[in-house]
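Beneath this line is the structure, given in structure tokens, with notes to follow.
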Amino acid sequence: MILKVYFDAIELHRQDKFVALRFRSPHRLISNSLDNGGIVDGLDLVYNHQCCEPAGPLARHPSRVVLDHPDLYAAALLERHGFGGLRAAQLGTAANMSNLAVAFEEYRDIAVLAVATGGVEGNAARAGDPASGYEFDGRYEPITREQPPAHGTINVMIAINQPLLDGALVRAVMTATEAKSATLQELSVASRYSPQLATGTGTDQVAVCAPRQGSSAPLRGAGHHTTAGELIGKAVRRALSETLLFQNGMHPAERGSCTRLMERFGLRGAALIDAIVPLLPAEAGDSVRCAPPMLDRDPMTVLAVAGYLHVDDQLTWGTAPPLCRREAAAMHGALIAAAASGRRERWTAFHDELAGRCAAAGRDDPAFVVPLALGIGYAEKWQEQHAMLASLDARITRDDG
């Protein structure tokens, strides 16, 4: 089914688990497709399809045909969806094609279309994270015991209405990749393989297409200083943000959570609350367990945790000497405690307690400091209220007596 036609040159099709951009005129395409990948002319379409379920027994099909014989797989898939005999580049994912997002940007004579699907909850990674396998001479050898999950892929198809030189096509891929990484950073998406923010997933795919000929000279650039680059960046960020909202429920407000921020340090879901409760008096611990959002999603507390984690990232990246880490932990941890308690005047006391506890434990990492700071702060949140109520109770008792 044709959903829409763009530039009078590209048809957007969707049939169940299959989405395609079909060319009405000759196009040049660059992609990392296993079939017809690289910079290629003479293709009829590029498509994205859901090839498996994200989890469960259908997460990975037992056949090796997809990887070992992508041309046979593509031919069968195209035949099944009414494109038999056509040449195509393919992208595959476990993401739901119904969560497809489309973004269109234009300025004067240049227009860009971005068509994205994405899922990042299981396979998000940061460039340079440890590899899970070694490929050489046509063979794949696992090099870690723990293999990556079967799901988590960002696929983006980009169409530009003007011809591009080959170098500009490559630059368009670079710009789209930067836009993807910026989107994940703004959503604080955690790597599943290191305590860092993710820049993509381990199975991301991209395709950029442009007409072979046009009424004007081919564009020579698609970077930040060009209109084409600006439009690519905007379109990819908008499409990716929308598809992650529907596929994974990701939204900046949804990410405003201490547990979300601490995912990359192994404190996912209830794990952060479980780490905090032992640090609290019994009554306060019961309160956190019964209503964790009171602590987890308090805006000022979330901002304090985010600020501390950014400082810790800066130390990891070498912005300041490593010996500053413990002092920074006490300083910014005290801000977290002050935010959790609502008692800013107690910052100095919080700082001194955190410094002492970090020294005694010999730790100054976020997985230790954040639960500790939250626990110290939350333990004092209601002290003044309880003291006031106790004073009033005593007064009433005296007056009644």
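Of the residues screened, residue 116 is not one that is of a type in the set (A, V, I, L, M), at pLDDT below 90 and closer than 24 Å to residue 38 by Cα.
Filtered by the rule that a residue be in a strand (DSSP E or B) and buried (at least 23 other Cβ atoms within 10 Å of the Cβ), region 93-125 gives 93, 112, 113, 114, 115, 116, 117, 118, 124, 125. Residue-level check: of (1) in a helix (DSSP H, G or I); (2) at positive phi, residue 152 misses just (1). Could you tell me whether any residue of region 140-151 is among the β-branched types (Val, Ile, Thr), surrounded by fewer than 18 Cβ atoms within 10 Å (Cβ to Cβ) and farther than 13 Å from residue 203 by Cβ? Yes, region 140-151 has at least one match.
For residue 161, the conditions (1) over 22 Å from residue 242 (Cβ atoms); (2) polar (S, T, N, Q); (3) modelled with pLDDT of 90 or more all hold with the exception of (1).
The set of residues in region 274-306 that are within 26 Å of the chain's Cα centre (by Cα) and not in a helix (DSSP H, G or I) comprises 292, 297, 298.
Is region 218-225 home to any residue that is in contact with a strand residue (DSSP E or B) (Cβ under 6 Å, 6 or more places away or on another chain) and part of a loop (DSSP other than H, G, I, E, B)?
Yes, there is a match, as at least one residue in region 218-225 is in contact with a strand residue (DSSP E or B) (Cβ under 6 Å, 6 or more places away or on another chain) and part of a loop (DSSP other than H, G, I, E, B).
In the set 190, 179, only one residue is under 15 Å from residue 229 (Cα atoms) and not β-branched (Val, Ile, Thr); that residue is 179. Among all residues of region 172-186, there is none that is modelled with pLDDT under 95 and either in the same structural domain as residue 365 (by TED's automatic domain parsing) or more than 12 Å from the chain's Cα centre (by Cα) (or both). Pairs meeting the criteria (first residue in region 220-248 and within 12 Å of residue 110 (Cβ to Cβ), second residue basic (Lys, Arg) and outside any loop (DSSP other than H, G, I, E, B), beta carbons under 7 Å, at least 6 apart or on different chains) are 221/171; 222/171.
With the condition kept exactly as written, say whether any residue in region 330-349 is farther than 22 Å from residue 381 by Cβ and either in contact with a strand residue (DSSP E or B) (Cβ under 6 Å, 6 or more places away or on another chain) or surrounded by fewer than 21 Cβ atoms within 10 Å (Cβ to Cβ) (or both). Scanning region 330-349 turns up no residue that is farther than 22 Å from residue 381 by Cβ and either in contact with a strand residue (DSSP E or B) (Cβ under 6 Å, 6 or more places away or on another chain) or surrounded by fewer than 21 Cβ atoms within 10 Å (Cβ to Cβ) (or both).
The values are calculated or read from the model by the stated rules, or taken from the named source; none is laboratory data. These numbers were taken from a predicted model, which means no experiment stands behind them. Every residue, glycine among them, receives a Cβ derived from its backbone with ideal geometry; neighbour counts consider all protein chains shown.
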